[in-house]
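Values in this text are rule-based calculations from the coordinates and carry no lab data. Note that this is a predicted model, so its numbers are computed, not measured. So basically every Cβ, Gly included, is an ideal-geometry build from the backbone, and we count neighbours across all protein chains shown.
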Amino acid sequence: MNKAIIYYFTGTGNTRIASEMIEAHLKRSGFSVTLFEVRRHRDAMPDPNDFDVVGFGYPIHAFNPPRLFLKTIQTLPRVAKHKTAFIFKTAGEPFPLNRASSWGVIRALKKQGYDILMDRHLLMPYNILFRYPESLAKHMVIHTNHMAELIARDVIHQRRTPIIIHPWTWVVMMIMRIQWVAAKVNGPLFIPKKRTCIQCGICQKMCPSDNITFDSGYPKFGFDCSMCMGCVMYCPTDAIRPGLITPLRVNGAYDFPRLMQNGELSDECINETTKGYFRLFRKYYRVTQQEIDRMREELDR
């Protein structure tokens with residue numbers, strides 16, 4: 001039996017969902033799959049040398065991977081020559097700048113001896129700036145599941161997808177690494193509204209950076225913030241104010257199971273008639289849907 005492991009970082013859960021989808025599709029093809037969530041304080045990570053295929057998943061933060069995720073994979077042991085790996089990343093928009101986010105990840109993995117098959121970009125709803133309409137959130141999670149199947153099929157058949165990072169996107173990515181510093185500066189500025197905080201501890205459990213402690217019954221935030229926004233989104237009383245970005249916060253997790261079962265919401269929200277900001281999403285869905293359709297035709301033969 002082929003064995004695969006997926007190392008992933010998640011804040012609000014989007015990358016975990018994508019990881020579980022890829023896991024499910026690989027398992028249907030006979031793979032044994034291990035998921036490992038990257039957090040600041042965890043037991044020893046599984047050795048990638050014990051697996052045939054290694055996956056790496058992360059959310060894009062300001063056109064970069066979370067610093068904790070990048071530093072963690074840089075500590076993984078070197079693997080045997082030509083160990084197969086794949087990368088996937090989640091973001092709320094399909095812009096070309098996001099391609100450069102994997103530059104550091106790819107560089108680290110190649111140094112460690114990985115043979116990288118692909119670097120896939122998956123769209124999931126925003127956890128900052130503004131809340132996506134439920135119809136679009138449903139479309140995104142359905143499409144991500146199709147993309148997860150495509151990733152699994154390409155892993156199984158060892159098919160490569162070209163990895164293209166344009167120099168200008170790399171420059172912007174490096175400039176935007178200031179977000180890593182900004183996260184540390186803004187981290188201690190997170191505060192709970194004591195009138196509405198119910199001291200449930202959900203924020204502390206959600207934090208992948210272990211940046212939250214409790215002082216006199218209320219959460220206290222340190223300098224190790226990754227700005228993943230998990231604590232803000234999952235707070236049941238919207239009690240957390242994330243410092244300088246408080247006006248951009250999004251509270252309340254997307255209820256994907258409920259959205260998937262809601263027949264009144266269209267399964268396809270983005271199409272060639274989409275107007276406004278989301279018209280910028282049309283090319284991504286058109287191109288990736290063509291790939292999915294080719295996969296379906298292959299399976300039907």
Partnerless Cys - the chain, beta-carbon criterion under 4.7 Å = CYS197, CYS200, CYS207, CYS225, CYS228, CYS235, CYS269
request  = Only residues of segment 258-301 count here: report those whose backbone N is under 13 Å from the spot 7 Å along Cα→Cβ of ILE142, or say none.
outcome  = 259-271
message = Please state the shape class of segment 258-300: rounded when a/c is under 1.5, otherwise prolate if a/b exceeds b/c and oblate if not, all from the C-alpha gyration tensor.
response = oblate
key: Three-way shape call for segment 58-163 based on the alpha-carbon gyration tensor, with the a/c threshold at 1.5   = oblate
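Which loop-located chymotrypsin sites (Phe, Trp or Tyr not before Pro) does segment 188-285 contain, where loop means any DSSP state but H, G, I, E or B and the Cβ has at most 15 other Cβ atoms within 10 Å?
Numbers: sites: PHE190, PHE214, PHE221, PHE223, TYR234, TYR254, TYR277, PHE278, PHE281, TYR284, TYR285; in loops: PHE223, TYR254.
Of the chymotrypsin sites (Phe, Trp or Tyr not before Pro), the ones in loops of segment 188-285 whose Cβ has at most 15 other Cβ atoms within 10 Å are PHE223.
Full-extension gain between ASP238 and ASP50, please, as 0.36 nm times their residue separation minus the C-alpha to C-alpha distance.
Numbers: separation 188, 0.36 × 188 = 67.68 nm, distance 4.26 nm.
Result: 63.4 nm gained on full extension.
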key: Loop-located chymotrypsin sites (Phe, Trp or Tyr not before Pro) in segment 33-135, at most 15 other Cβ atoms within 10 Å (DSSP)   = PHE130
task = Counting only DSSP beta bridges with both residues in the chain, tell me the antiparallel percent, nearest 5.
result = 25 percent
request  = Please return the longest stretch of the chain lacking exposed loop sites, where GluC sites (Glu not before Pro) count only if DSSP places them in a loop and at most 16 other Cβ atoms lie within 10 Å.
outcome  = 1-263
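Could you tell me which of rounded, prolate or oblate describes segment 127-166, using a ≥ b ≥ c as the square roots of the eigenvalues of the alpha-carbon gyration tensor, with rounded for a/c under 1.5 and, failing that, prolate when a/b is larger than b/c and oblate otherwise?
Working: a/c = 4.38, a/b = 1.74, b/c = 2.52.
The shape class here is oblate.
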ask   = For LYS110, which lysines qualify as cross-link partners when the Cα separation must be under 26 Å and same-chain residues fewer than eight apart are set aside?
value = LYS3, LYS71, LYS81, LYS83, LYS89
